[in-house]
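Okay, structure first, notes after.
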């Protein structure tokens, strides 16, 4: 009789040293990365905050007890302190601040997601093309990048918003335009160390075109470092969006944007501190969450870091 082959558990299958397929190898790498990341307590706290932000944004209509745009009776419900009826108090228009903060999570998540979707591919494209080709292409692209890096992000975003006009859509475009240069610099540095590697030379000798090499082999190797930088930059993106909203160039009233809420509450900061403090706490917590998440991802994904 033949000896029965013991069945592997899911964990053993994922960490197998001899994967039977490419998909098994990929899933195994994802599992190992998750195991390493889950051992980082601060990184898990950051992940929890970001996941909470996403859930709050998705279920804002269920969580918020009041309409974020409509206020109550101005004679009796204006500038009320935090209570069981209004967990974060009310503002000068008798609107529930907790409901506005909850719905403001949607705008914050929208800004973060769209800026990442727009700026990351631009930075990757510019950096990898610059690093791979070198010469005058590298000089031209990096000088353009240096022009953007010469100005503080908020100042440059203010200039673009002033040209495009106030509004959340234009603010997202302005922030994305000012966010890609650091990613381009990082991708270029990674590409300079990759372009002369033996496997790249082998692919080149097989007749692969430059776009295929860049997109299929260089970009994936640069992606982990860029993802780390994007995650760490999320706090800066949130603060820039809040700064534009505070100055009246981002989301326009009556949208519940956290920066605009702080701007509306600064007149009452002495006597009615909760009007500006509550959205400020939300900005602080979300920014801290993205920073902790970025630090955790850097410890796990950075190929230069000691495991």
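Laboratory data are not the source of any read-out in this text; all were calculated from the coordinates shown. Since the structure is predicted, the reported quantities are computational estimates derived from the model, not experimental observations. So basically every Cβ, Gly included, is an ideal-geometry build from the backbone, and we count neighbours across all protein chains shown.
Side notes on the structure shown:
- Pair residue 203, residue 42: separation of 7 Å Cα→Cβ label points (nm): 3.5 nm
- Angle of helix 168-194 to the longest C-alpha principal axis of the chain, folded into 0 to 90 degrees and rounded to 10: 20°.
- Prolate/oblate/rounded call for the range 191-252, Cα gyration tensor, a/c under 1.5 rounded: prolate
- Computed from the C-beta positions of residue 284 and residue 193 and an R0 of 45 Å, the FRET efficiency is 0.75 to the nearest 0.05.
- For residue 169 and residue 61, the FRET efficiency from 1/(1 + (r/R0)^6), where r spans their Cβ atoms and R0 equals 22 Å, is about 0.50.
- Taking the longest Cα principal axis of the chain as reference, the axis of helix 97-133 is set at about 30 degrees.
- Helix axis angle, 219-246 relative to the chain longest principal axis, alpha carbon, degrees: 10 degrees
- 20 Å binning of all Cα-Cα separations within the chain, expressed as whole percents from 0 upward: 27, 48, 22, 4, 0
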